[in-house]
Amino acid sequence: MKKLWGGRFGEETEKAVESFTSSLPFDVRLWRYDIEGSMAHVAMLGKQKILSANEVRKILKGLKEIREEIENGKFRFMPEYEDVHMNIESALIKKAGPAGGKLHTARSRNDQVALDLRLFLRDEIKSVIKLIKWLQRVLVSLAGKHIRTIMPGYTHLQKAQPVLLSHHLLAYYDMLERDRQRLEACLTRINVLPLGSAALAGTTLPIDRKHVARLLKFPSVSENSIDAVSDRDFVIEFISAAGIIMVHLSRLSEELVLWSSDEFSFIELPDAFTTGSSIMPQKKNPDVPELVRGKSGRVFGNLMAMLTVMKGLPLSYNRDMQEDKEPLFDTVDTVKSCLHIITLMLPKIKFNKKAMKEGTGRAYLTATDVAEYLVRKGMPFREAHKVTGMMVKHCIGQKKKIESLEPSEMKRFSKMIGEDIFHFITAEASVENKKSFGGTSGKNVSARLRSLKKGGEK
Ligand code: ARG
């Protein structure tokens, strides 16, 4: 078959080369953006009198028909035509004749594909942001239900201090908030129109790039035609932002896996989101969070792939850059499906408040509260740390909780200890006294929840 670029070629392309170089199997998903971009381009060519009104009409009519055919599954994509761009253009030429052959005036596939990718990613980022906001709302509502639920907080996966479950959940809110901001920032750099850079040098024809930008709702136009066709920073930036989202979802998933184990028993995952074992009848496995945790790997891999594709490329466009699409598409699909499934599952999780509370009763979680009690009585912190450490050691020996020591037994460690210490060393008091800004006290967390519910943060 004669190629659109076949003029200077004496031989047909080798079949194996055709299938090796084709991006159609994956870039076909850009079709809607390709048509949208072409329509804006052609409208501009008409306004600039580069094409006649009649030619513009024919092209637009043809493009609309192609759009309908694709929507209705009637369009035949031909693998021989290399990519989605050539497929649509060839079909247009069949429909609109010589006018169709004018669509590609003052344009190259290099600026065309850069445009399509930006249009695609702009839409997709908006849906990722929507999913993030939905998950944030679920976290806020869950935190609202657990404003009094106390659990052990951990460092090094060792019990550290009592915290509110709501405070723990809102930590994820803040992580997602940074994710959202990163995507918003990424959007500002995606929103730069590359079309009109042509192959790499611009064009001799009197185009109006700002007009195309207005039609396609791009607030700005790229300044340098070489950069515009060489640049895939926005793909790398998005995948790295998505990689961080996956880190966050993976950490949440890891906690859900741990917490649903018999050892923790902090939560029960909904039956509808778990699976059984083919051999062990008693099993209920946390496959959803496990898979979210596992899928983070492919997004990190996609980032590495994109960095590697780009790192050695001379300016400007190189065919290597066709390899941007699969990592990008896979990242979009993965991050969206993971956000979605976690958001569906979270509200259905049963929290075992009793087990969480009991988890704070062992392991001397209020030792720091004892030390800070002594500090308030005037003892230097280092000494208070040592005295409390000795108390803990004594308790371990006696197999007692700190709060079960007799006042006289306590006084042996420091004369500064009075009966009032018992107001400070329960898990509830420990939490309630963490009033420093950002700390876990119910007062702080309620205030934060109020401001989040008012939408004060966004
Ligand atoms: N399919 C190509 C890609 O995805 C389109 C651009 C091809 N440009 C070219 N000069 N061969 O990158």
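Just a few scattered comments:
- Helices (runs of 4 or more DSSP H) enclosed by the stretch 366-447 - at least 3 residues per element that are small (Gly, Ala, Ser) and closer than 18 Å to residue 159 by Cα: 427-432
- Residue that is farthest from residue 42 (Cα to Cα) [pool: residues in the stretch 196-225 that are aliphatic (A, V, I, L, M) and part of a helix (DSSP H, G or I)]: 213
- Any hit, the stretch 16-27, residues being assigned to a helix (DSSP H, G or I), closer than 20 Å to residue 325 by Cβ, among the acidic types (Asp, Glu) and within 34 Å of the chain's Cα centre (by Cα): yes
- Against the conditions (1) crowded, with 17+ Cβ neighbours inside 10 Å; (2) in contact with an Asp or Glu (Cβ under 8 Å, 6 or more places away or on another chain), residue 284 satisfies every one except (1).
- Residues that are over 27 Å from residue 45 (Cβ atoms) and either out of contact with any His (no Cβ under 7 Å at 6 or more places or on another chain) or surrounded by fewer than 19 Cβ atoms within 10 Å (Cβ to Cβ) (or both) occur in the stretch 101-124; there is at least one.
Residues checked against (1) within 14 Å of the ligand (Cβ to nearest atom); (2) closer than 26 Å to residue 190 by Cα:
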site: 34; (1), (2): yes, yes
site: 49; (1), (2): no, no
site: 53; (1), (2): no, no
site: 57; (1), (2): no, no
site: 71; (1), (2): no, no
site: 88; (1), (2): yes, yes
site: 117; (1), (2): yes, yes
site: 130; (1), (2): no, yes
site: 138; (1), (2): no, no
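- Residue check, residue 293 surrounded by 16 or more Cβ atoms within 10 Å (Cβ to Cβ), basic (Lys, Arg), under 21 Å from the mean Cα position of the chain (by Cα) and within 16 Å of the ligand (Cβ to nearest atom): no
- Residue within the stretch 177-189 that is within 16 Å of the ligand (Cβ to nearest atom) and either at pLDDT below 95 or of a type in the set (Asp, Glu) (or both) present: no
- Counted residues, the stretch 24-45 - those being surrounded by fewer than 18 Cβ atoms within 10 Å (Cβ to Cβ) and of a type in the set (Phe, Trp, Tyr): 1
- The stretch 283-301, residues that are in contact with a strand residue (DSSP E or B) (Cβ under 9 Å, 6 or more places away or on another chain) and under 12 Å from residue 338 (Cα atoms): 288
- Taking every residue in the stretch 81-98 that is closer than 14 Å to residue 60 by Cα and among the hydrophobic types (A, V, I, L, M, F, W, C) and pairing it with any residue that is within 12 Å of the ligand (Cβ to nearest atom) and modelled with pLDDT of 95 or more, at least 6 positions away or on another chain, the pairs with Cβ-Cβ distances below 8 Å are 88/34.
- Residue that is surrounded by the most Cβ atoms within 10 Å (Cβ to Cβ) [pool: residues in the stretch 77-86 that are of a type outside the set (Asp, Glu) and modelled with pLDDT under 95]: 81
- Residue match in the stretch 314-331 (condition: under 30 Å from residue 238 (Cβ atoms), away from the ligand (no atom under 16 Å from the Cβ), of a type in the set (A, V, I, L, M) and at pLDDT 95 or above): no
- Put simply, of 346, 328, 249 the only residue that is buried (at least 20 other Cβ atoms within 10 Å of the Cβ), more than 26 Å from residue 25 (Cα to Cα) and not acidic (Asp, Glu) is 249.
- Selection within the stretch 200-219 - surrounded by fewer than 18 Cβ atoms within 10 Å (Cβ to Cβ) and within 20 Å of residue 121 (Cα to Cα): 214, 215, 217, 219
- Checking each residue of the stretch 131-145 against the condition of being hydrophobic (A, V, I, L, M, F, W, C), surrounded by fewer than 16 Cβ atoms within 10 Å (Cβ to Cβ) and farther than 30 Å from residue 360 by Cα gives at least one match.
- Residue that is surrounded by the fewest Cβ atoms within 10 Å (Cβ to Cβ) [pool: residues in the stretch 46-76 that are of a type in the set (A, V, I, L, M) and either out of contact with any Gly (no Cβ under 7 Å at 6 or more places or on another chain) or touching a residue at least 12 places away in the same chain (Cβ under 8 Å) (or both)]: 60
- Residue match in the stretch 306-323 (condition: surrounded by fewer than 20 Cβ atoms within 10 Å (Cβ to Cβ), hydroxyl-bearing (Ser, Thr, Tyr) and more than 30 Å from residue 116 (Cβ to Cβ)): no
The values are calculated or read from the model by the stated rules, or taken from the named source; none is laboratory data. For clarity, every value in this text was computed on a predicted model and none was experimentally measured. All Cβ positions, even for glycine, are placed from backbone atoms using ideal geometry, and neighbour counts span all protein chains on display.
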